[in-house]
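Take a look at the structure below.
The values are calculated or read from the model by the stated rules, or taken from the named source; none is laboratory data. What you see is a predicted model; the values in this text were computed from it and never measured. Ligands, DNA and RNA are excluded from the accessible area calculation, which covers all protein heavy atoms including side chains. Shrake-Rupley method; radii C 1.70, N 1.55, O 1.52, S 1.80 Å.
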Amino acid sequence: MKVSGALGAAAISGFPAILSAQTVTNAIKVGLVGCGGRGTGAASQALRADDLTELVAVADVDQERVDQSLATLKKIQRISDRVKVESSKQFLGLDAYQK
């Protein structure tokens, strides 16, 4: 099937407008499973490895560990602004890694 003439030009010229309406980000989104010392350390290293990295989800069996891990990461000035874990992205339980 060939598209030519005004129809082809309209389709091609409309394409950049469609792309510009969407948010494009180069962020590398990281999720942490296991918020103990090793997991928190690994998340810290991942966030320091690239300035575009963001922590967006965590999973653990204990809410206190999640809270402690996030608090620890937010204390690190270099990465604190990239710890972006909303409460809806904090998963608890033995099956938390599946969520």
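Residue-wise HN-Hα couplings along the range 82-96, as the Karplus relation 6.51 cos²θ - 1.76 cosθ + 1.60 with θ = phi - 60° gives them from phi, are 9, 8, 10, 9, 7, 4, 6, 10, 9, 9, 10, x, 5, 9, 4 Hz; Gly and Pro carry x.
Phi-derived couplings, Karplus 6.51 cos²θ - 1.76 cosθ + 1.60 at θ = phi - 60°, listed residue by residue for the range 32-44: 10, 10, x, 9, x, x, 5, x, 5, x, 5, 5, 4 Hz, with x used for Gly and Pro. Amide H contacts under 5 Å for Thr53: Ile28, restricted to partners 5 or more places along the chain or on a different chain, H placed in the peptide plane at 1.01 Å from N. Length gained on full extension, Asp51 to Thr72, computed as 0.36 nm times the residue gap minus the Cα-Cα distance: 5.7 nm.
What the range 24-99 shows is 64 Å² of accessible area per residue, with the surface traced by a 1.4 Å probe over protein heavy atoms. Of the solvent-accessible surface of the range 31-89, computed with a 1.4 Å probe and all protein chains present, 45% belongs to carbon and sulfur.
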